[in-house]
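Note sheet for the following structure.
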Amino acid sequence: MDILFNFLNTTGFASMTFGNAIMIVIGISFIILAIRKDYEPLLLVPIGMGAIVGNIPVIEGMSLSVYDEVKYIAGDDGSITYVPGSVLSYLYFGVKQGIYPPLIFLGIGAMTDFSTMLSNPKLVLLGAAAQIGVFATFLGAIALGFSFSEAGAIGIIGGADGPTAIFLAAKLAPHLLGAIAIAAYSYMALVPVIQPPIMKLLTTREERLIRMKAPRKVSKREKMIFPVAAFLITTLIAPGAIVLLGMMFFGNLLKESLVTERLAVTARTALIDIITILLGFSVGASTQADTFLTKGSLLIFGLGAASFAVATAGGVLFAKFMNLFLTDKINPLVGAAGVSAVPDSARVVQMVGQQEDPHNFLLMHAMAPNVAGVVGSAVAAGVLWAVLTG
Amino acid sequence: MDILFNFLNTTGFASMTFGNAIMIVIGISFIILAIRKDYEPLLLVPIGMGAIVGNIPVIEGMSLSVYDEVKYIAGDDGSITYVPGSVLSYLYFGVKQGIYPPLIFLGIGAMTDFSTMLSNPKLVLLGAAAQIGVFATFLGAIALGFSFSEAGAIGIIGGADGPTAIFLAAKLAPHLLGAIAIAAYSYMALVPVIQPPIMKLLTTREERLIRMKAPRKVSKREKMIFPVAAFLITTLIAPGAIVLLGMMFFGNLLKESLVTERLAVTARTALIDIITILLGFSVGASTQADTFLTKGSLLIFGLGAASFAVATAGGVLFAKFMNLFLTDKINPLVGAAGVSAVPDSARVVQMVGQQEDPHNFLLMHAMAPNVAGVVGSAVAAGVLWAVLTG
Amino acid sequence: MDILFNFLNTTGFASMTFGNAIMIVIGISFIILAIRKDYEPLLLVPIGMGAIVGNIPVIEGMSLSVYDEVKYIAGDDGSITYVPGSVLSYLYFGVKQGIYPPLIFLGIGAMTDFSTMLSNPKLVLLGAAAQIGVFATFLGAIALGFSFSEAGAIGIIGGADGPTAIFLAAKLAPHLLGAIAIAAYSYMALVPVIQPPIMKLLTTREERLIRMKAPRKVSKREKMIFPVAAFLITTLIAPGAIVLLGMMFFGNLLKESLVTERLAVTARTALIDIITILLGFSVGASTQADTFLTKGSLLIFGLGAASFAVATAGGVLFAKFMNLFLTDKINPLVGAAGVSAVPDSARVVQMVGQQEDPHNFLLMHAMAPNVAGVVGSAVAAGVLWAVLTG
Amino acid sequence: MHRRWQSTILCDLLVTLILDCIDLMLFLATFWPASVTGLLAQTWSDGTAIAATGLVIVFAVLVLLSLFIASLPKVLAFIEPWFPQPSHLHAETAHPESQLPDDEVIAAIGFVLHTEIMNQTGSTGSTGTQK
Amino acid sequence: MHRRWQSTILCDLLVTLILDCIDLMLFLATFWPASVTGLLAQTWSDGTAIAATGLVIVFAVLVLLSLFIASLPKVLAFIEPWFPQPSHLHAETAHPESQLPDDEVIAAIGFVLHTEIMNQTGSTGSTGTQK
Amino acid sequence: MHRRWQSTILCDLLVTLILDCIDLMLFLATFWPASVTGLLAQTWSDGTAIAATGLVIVFAVLVLLSLFIASLPKVLAFIEPWFPQPSHLHAETAHPESQLPDDEVIAAIGFVLHTEIMNQTGSTGSTGTQK
Ligand code: NA
Ligand code: NA
Ligand code: NA
């Protein structure tokens, strides 16, 4: 009977901590939010299940956690032994080394239609304005005592772009990766809750009623030239964004070249789905209570909320500023889509606009700053990486 | 002409051993069985072709076998050189580190409908009863002189679950992995041959004629809650099963959440297919005659056959035992499906049942112990891993 | 303002070399060729975009290039530190270790119908004859001062098979891999330009008018037996081709066994697409001006062009030679398809044949030497690897 | 439908059964070693203990799972007033993430309907060159 | 359509805006440290400089991108005589690499049409067993 | 159809050809070095030997493959009485692993047929809101 009782001592019930229980409840909440509210389900379900899996207490000596990594041991005779890691550590490798985010960007590029942006170049600036959220949060994090590298990784939460946030956190502050990823995806899921009050506060009813001109038709050739030219323009100035933007514009070229359609289809279906599953699940599994439930994580969550608010305000106010000089006015609600969080924030713009005028269709216009916001936060990440490394 | 004759000396014909020839014939037999009998073709074809590929004699000094792994060499000056492995060794890495099995479980979860099990909870116990095969084989292996770890890995053949067997063998007895994997898949393929005589021997005609009540309709919400709750229940008691069951229930949640359908589709098509190809082929290629054709492999095959017989008997007899207390009797044939080997053993139940009564449809009822058997053997693997490691 | 100016100093504009600019223009040309001329777009678009991405100048100290690989550093205390590589270096790993080419061959096998070859066995020899291009180029490279290993890797360009060329270059001359891959794919793309003049020069109008008998119907069983038997025949003589041909015939078996259709479908869609994306992009990104724009690369391009010409001539002339002994004459144009470059060279045969006689359908006949050429160059690669290694 | 899973009775029986099972195996553990040639008594004893433990745990897990499943509909019925089933769960076919082929199937349906309408109104001119 | 992107005026304004922005932040950098408890002046000053730089670069990149996009149609119209749009770009639906489902959709269309024709000509015998 | 692959004659010829080829290359190997500036005779000789060997092996493999393919139908015809073609090989279209899109195509067919039937029986009420 000894073995039985020894075994029971090693079960999860025995060694479960209060923190683990909290994390499991958080994981379940993510899944419920995804199912009942339809908030970013493709990421909240994997992350939620991952958080549950990662917080089952494991037996001492068994290699199960994402943090049980490969080790190399040098022998006295010059031999080197490879000590295998846990299965989850191999899946987490793509997160830790920043491999998954660019592959997700490849798929995003292969599913993104830049037409609305190409027909409305001035709306691109709204995607820049919303990045004020990134840099304001960066300063906020410094004020709260985080190091420069940590502050950079936290700031990028304001970019409202999961893969970008994970990529930069993996490069600048791997120890905060879990908290940053969870914060980024949580707030992206909460975009329909966070943005509307700010948008309404900063705009008048007249502004919200502005109707915008229908965008012009963009030629196939423009769409083909765009990914290559845009890549050159962005990365010659900000080479730190080479990997993320290279993959995104590569995916878009696969789509728009019209001769590589089968590659584009695979990039935006099987490939992005597989990577999304692995990324979401292993990020979730990295949120073990003992490394995750810290004061730092709480601060990160606070800063993340602030960053989304500042980014939204930045986009809206900059649209109002641009209207001072424009004949064809921009509906300032559209500025809120500059935070990216594709396509949720564009949908929020549509929704808030229709609350004033049910016949005003802003969705198409909001897609322009929305995708520009993705480019903008990737550039911001590239700059922060370049400035804060080495 | 020297180079020509030197080359001919290094061809396969010159260095072919009798063992290689046997293994190639076994590989061809697997392929023929799969094609002509339709026995588990998705695994027997890759394993068979892998066995052929792995037994072509290779040239001294060329890195071709799955066992030509990466090496690290320390120099006198503290430098470390990475010596690449063969291509097959990189594909085999996912087998050796136990990475492929959980990903296959992800796909299985995303294609499994637990409805029948949810509507028939008592049938779950049959999936536990069949695990007697695992532990009886474990004892048998010890009696035959295998070490505890080896015996654990051999015992899991009785779980009738290929990925589980490969996972546990990779953890407990990597040197026996090839033999255990081949034995597990061979007997899974032979389920329609092994099970029927045992099922008939242990049941009366009256018992085989028992018709079971139609299962009740299961609500969507039950199916959504099940994967999360089942994961918590199983792994809090047996944390060793975290990876396998975590992935399986994660896949099932992707399917049942209804909001992540595209991830579930990819998990059960592209992802599981890719992993199946890589796993089957590289497991096959690991059966090189010199490491595979040993007395140990023969014993493993004998123990494997016994374990399937014991597991089948365990399931059938336990069903009869349960009938002593139940008003709504279980058709004891259904117990045979507790070995898992999804869905073949459930089909065997249906077939044997229809031999007595062509209008008795047991397939749906047999699916309940069938999927419970998968959970049962994953739990058994988790326990054996926990007890026998460290 | 210092930080701003420091940053601007590190942008691409500042550190761009003339070589980078040339490579970016080459990358753009590849994409334009693929789009406007439909030349091998599935490879030229990824390689072209990769070349653009790989030639954006990167910041000192940031790990971005495919050559920023993992490093292991031994400490004084026996500890070993893992220094991560760049994201692109992880994607390039599959090129450098020769992992991607066999997986592409798996997909090619799963999409290739060997029927025409099975019904026309004598046309197989044309696929051997065209390999004269490989060995002539090998000698040419030696004459130009390359080492034996380098000459072997350069010679295989004449095989007109991208994955085979990358595989052998990775094994024999990794430092030339980029140039060899680019040369191979460039000339494969230019097959419709290079081959027709040679084909017309070496054949008379009468020969080009020859019509060939319709091929016989091949039974399913022949198609099932073929991949296994062909694998044994080829690799028992040339074990160096085990990985490439093993995967190709494995893919074909998945297709022809008729019981593993779902695996064959995934192998020829999601799997080959994913690998094609990763291989093309990372090969492109490896063509950084400083390692690529060398005299060696120029010589390789010259030798590559010659090898395609010699291979084409070899195929055509051997067909004329065979006609000396055959009752049912072969249209010698078909010999040009022996270079492989599937299916472009077969299409070229069809096109040139129809210029003389619009009702002569040579495409089906040309597919036989076309696929035989793939086998032939894989065997040639295996032989060169075996002879030139160790 | 009622009394279909007599948990109390069966549960007691199962616990008894499992404990009996352990007793039997422990009994065997003390008895068999002598008859197994060349095998140390200790090894055999440890092995049977591990096997017994393993089987007990497997049963324990699946019994718990079975009880949970049996109670789930009742629990859901009990909490229904507070957590009603959201209506959108019934509408999953309309979910925007439904897979790719759908579009094409819809296109096919549209095409066929269009063709049919064309046919029935007698204007069959251009449809042949659509694709 | 004309004058829709008044590049010269707006461009000047943007440059002014950005430079003002930097000035503001550098001003803050010298002013705030005292009010931020326990934070070294140097750290805060560096931080604001980095943030200002970052925001300027993000704006610079996206302004450039915006100007490029705005000018692209004009450039294309200008070079049109020398590099005409190749005609095959308009025919991408017929491209051989079009995805797998197409075949099946076409098969479905064919099947439905066939069935319809069968139905309308009155011969409904064998279609039920096709699949 | 008969005599389509005159193996004996052609085989002899091929062997002769290959051996001639080797002789030619070995001849070249002894002759050319002097004319190749700065290249050692030994290197050139080794290189031609390798090339000749390689080409011979490629031919040998593909000749063997060709002979095997030519003989395969005869061998299969010969063993047919003992190993008849299993009938299920002809039924692969009904295999359960046929890919996913089928279901959707079938659904599309069903939907269209349903709609058509509805149309033709005059009841067009609810179909518009199905999807
Ligand atoms: Na953003
Ligand atoms: Na089982
Ligand atoms: Na070739």
Checklist entry - For residue C:179, all conditions in the list (1) more than 23 Å from residue C:26 (Cα to Cα); (2) more than 16 Å from ligand 3 (Cβ to nearest atom) hold save one; what is the number of the exception? => result (1)
Checklist outcome for this item: Selection over segment B:313-325 where residues are within 12 Å of another protein chain (Cβ to nearest Cβ) and open to solvent by less than 10 Å² (accessible area, probe 1.4 Å) yields a count of 1
Next on the checklist: Which count do you get for residues in segment A:304-334 that are within 10 Å of residue A:210 (Cβ to Cβ), polar (S, T, N, Q) and part of a loop (DSSP other than H, G, I, E, B)?
Outcome noted: 1
Checklist entry - Across segment C:65-83, what is the number of residues that are modelled with pLDDT of 85 or more and either of a type in the set (Asp, Glu) or in a loop (DSSP other than H, G, I, E, B) (or both)? => result 6
Checklist entry - Taking interchain pairs and intrachain pairs at least six residues apart, which have beta carbon atoms under 8 angstrom, with the first residue in segment B:344-373 and within 14 Å of chain D (Cβ to nearest Cβ) and farther than 24 Å from residue B:216 by Cβ and the second within 16 Å of ligand 1 (Cβ to nearest atom) and not hydrophobic (A, V, I, L, M, F, W, C)? => result none
Checklist entry - Taking the condition more than 24 Å from residue A:169 (Cβ to Cβ) and either among the β-branched types (Val, Ile, Thr) or within 13 Å of ligand 1 (Cβ to nearest atom) (or both), does residue A:378 pass? => result no
Checklist outcome for this item: Note on segment A:33-46: residues assigned to a helix (DSSP H, G or I), more than 7 Å from every other protein chain (Cβ to nearest Cβ) and at pLDDT below 95 are A:33, A:37, A:43, A:44
Checklist entry - Does at least one position in segment B:194-210 carry a residue that is at pLDDT 90 or above, crowded, with 22+ Cβ neighbours inside 10 Å, more than 16 Å from ligand 1 (Cβ to nearest atom) and within 13 Å of chain D (Cβ to nearest Cβ)? => result no
Next on the checklist: Tally up the residues in segment A:211-223 that are facing another protein chain (nearest Cβ under 8 Å) and open to solvent by less than 40 Å² (accessible area, probe 1.4 Å), please.
Outcome noted: 3
Checklist outcome for this item: The number of residues in segment A:179-198 that are under 16 Å from residue A:346 (Cα atoms) and touching a residue at least 60 places away in the same chain (Cβ under 8 Å) is 10
Checklist outcome for this item: Considering segment A:256-292, residues that are charged (D, E, K, R) and surrounded by 24 or more Cβ atoms within 10 Å (Cβ to Cβ), and then whichever is nearest to residue C:272 (Cα to Cα), we arrive at A:273
Item to check | Unmet requirement for residue A:253, which otherwise passes all of (1) surrounded by fewer than 21 Cβ atoms within 10 Å (Cβ to Cβ); (2) modelled with pLDDT of 95 or more | outcome: (1)
Checklist entry - Restricting to segment C:127-176, what's the tally of residues that are facing chain F (nearest Cβ under 8 Å), within 16 Å of ligand 3 (Cβ to nearest atom) and assigned to a loop (DSSP other than H, G, I, E, B)? => result 1
Checklist entry - Pick from A:70, A:58: which is more than 7 Å from every other protein chain (Cβ to nearest Cβ) and open to solvent by 30 Å² or more (accessible area, probe 1.4 Å)? => result A:70
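Taking the conditions exactly as written (more than 16 Å from ligand 1 (Cβ to nearest atom), closer than 13 Å to residue B:196 by Cα, of a type in the set (A, V, I, L, M, F, W, C) and buried (at least 24 other Cβ atoms within 10 Å of the Cβ)), does residue B:349 satisfy them or not? Break it down stepwise before answering.
On the way: more than 16 Å from ligand 1 (Cβ to nearest atom): yes; closer than 13 Å to residue B:196 by Cα: yes; of a type in the set (A, V, I, L, M, F, W, C): yes; buried (at least 24 other Cβ atoms within 10 Å of the Cβ): yes.
Answer is yes for this residue.
Yes or no, residue by residue, for (1) touching a strand residue (DSSP E or B) at 6+ places or on another chain (Cβ under 6 Å); (2) under 30 Å from residue B:293 (Cβ atoms); (3) assigned by TED's automatic domain parsing to the domain that holds residue B:97; (4) touching a residue at least 24 places away in the same chain (Cβ under 8 Å):
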| site | (1), (2), (3), (4) |
| --- | --- |
| B:177 | no, yes, yes, yes |
| B:200 | no, no, yes, yes |
| B:221 | no, no, yes, no |
| B:231 | no, no, yes, no |
| B:239 | no, no, yes, yes |
| B:249 | no, no, yes, yes |
| B:272 | no, no, yes, yes |
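The values are calculated or read from the model by the stated rules, or taken from the named source; none is laboratory data. Computed from a predicted structure; not experimentally measured. Methodologically, a virtual Cβ is constructed for each residue, glycine included, from the backbone with ideal geometry; neighbour enumeration extends over all protein chains shown. Side chains are part of the model used for accessible areas, which takes the heavy atoms of the whole protein and leaves out ligands, DNA and RNA. Shrake-Rupley method; radii C 1.70, N 1.55, O 1.52, S 1.80 Å.
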